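Bear in mind these aren't lab numbers, they're just calculated from the coordinates by the rules spelled out. Small disclaimer: the values here were computed from a predicted structure and weren't measured. Neighbour counts run over all protein chains shown; Cβ positions are idealised from the backbone, glycine included.
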Amino acid sequence: MRPKSLILLALALGCGLVASIGISQVMDRDSTPQGKLETVPIYVALNNINLGDPIDMKMLRLEDWPKDKVPRGAISKPEDLEGRRPRTAIIEGEPILEGKLLAQGEVSDPIRHIQKGMRLKTIAVDAEKSVAGLLGPGDRVDVQLFVRKDQKTGVNTAKSKVILQNIRVFAVDQTVQRSADGSDDKAIAKTVSLMLTPEQASKLSLAEQIGELSLIPRNPDDEETADTSEYTVDDLLADGTADKNSRKKEQGDEDGKKANEDDAKSTGSLLDAIQNTAQPVKEPFRMEIVEAQGVREVLFDSETGRPINTAASASTPAGPGLPTLSPTTGKPHGNDAATPDPSNILDNFPIDLSGSNN
C-alpha cells in the first residue's frame, strides 16, 4: 500500500475514535445532567413500632436518601438509638427522627402532650361507665352525671344531666396513643384521663363527689353542642310516651332528622291538646229550702254558688192552713201567692254563700 494511503487511513481511524469518544461523553452528560446524585444513609422503620416499645436494630434498616430530602433530625448512627423508645407510633418506612424518640433510659413522657391552657383529669371507670372497653385515646365523649336523692346534699329527687360535651379522651389507663396497626388489646379500663379546661376540671371534680359519672361516646367529627336538660323521675314518666330513633337518623340522613323533629312536634301538640282539654263540668248541687209554706229544693251552681233554678220536692203538706207546693213550679196550689224569686234567694238567705265576710 502506498504511504499516502496509509496516512489517510490512519487519519480516518483517528477521527473516528475521537468522534466516538465525544459522542459517548455527550450521551453520559445527557443521562446525568446534574452529575451524580449525592445520598446519605439514615435509619428507617422496617415494621410499625408502637409507642413506648424499646427500639431494636432488627426493627430498622439503613437506607440511602437524597441528601436534600433527608428530614431534619434523622438518625444515621446506631449509637444514637441505644436505650431509646418512641414517644409516638412510628409507621413502616418512616425515618427515625430524634424528635420522635424519648431520651435514653426514659420510658414515657405523656405530660408533654398536654396542650397549653388545658388540664388533665383522671376519673375512675368500670365496664358500664367506659362503654365496655370500647374507648381509646383520641375518642370524643360527653360526660353525664347521675345524682341520687339525698337530703344531706339538698337533692330532693334523683336526676340526671349531661354536664360536659365533646371532651377528648387523652389516655385509657396508661395508654395515651393507639397502636399504628390498630391492634389495640381491648380491655376493661380502670381509669380514663380527659383533656379539660381548668373550669371543666373543677366542675368534674365536684361532680365526682355528689354523684356517678358516665362517659357517652360521640362521633369524632360531631362538633355540635346539643341542648341538654336536667331529667328527674317525674320528667321521665310524665307524658307516658317513649322517644324513638329511626334508621335514617342513625345513618345521618337529614330527612330522618326532620322526620324525628316532626314526630316530636306532633307528640308535643298532642300532649298540649290533652293538657288543655276542658275539665268536666261539675254537677250542680241541691239544697232543701224550708219555708213557711213548705219545703222545696233549689239547684245551685257548683262554681259560683248561685241558684240556677228551683225544683220542688213531691207535694208536701205544709201543715194546717198552709198551701201545698207544686212539684214542678214550687208555687202553692190553689192561690196566686208569689214564691220568692230564686235569683234573689241569697239576699235573704241566713248563710253567706258568696265567701265574703260582710
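Here are the numbers for this structure:
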| quantity | calculated |
| --- | --- |
| FRET E, pair Ser205, Ser302, Förster distance 56 Å, beta-carbon r, rounded to 0.05 | 0.45 |
| Peptides ranked, highest mean first, by Cβ atoms within 10 Å: ranges 63-76, 85-98 | 85-98, 63-76 |
| Entries of Lys159/Lys244; Lys69/Lys100; Lys244/Lys282; Lys159/Lys248; Lys69/Lys116 with Cα pairs more than 28 Å apart | Lys244/Lys282; Lys159/Lys248; Lys69/Lys116 |
| Length released on extending from Asp64 to Asn47, taking residue separation times 0.36 nm less the Cα-Cα span | 4.4 nm |
| Approximate spin-label separation Asp173-Ala292, in nm, with each point projected 7 Å along Cα-to-Cβ | 10.3 |
| Entries in Lys161/Lys249; Lys161/Lys203; Lys161/Lys190 that, when Cα-Cα distance is taken, lie over 19 Å | Lys161/Lys249; Lys161/Lys190 |
| Cα shape, region 112-238, gyration tensor, a/c 1.5 rule | prolate |
| Segment Leu11-Ala124, length gained on full extension (0.36 nm per residue, minus Cα span) | 31.1 nm |
| Protection proxy ranking, peptides 197-204, 137-144, 151-158, average beta carbon neighbours within 10 Å, highest first | 137-144, 197-204, 151-158 |
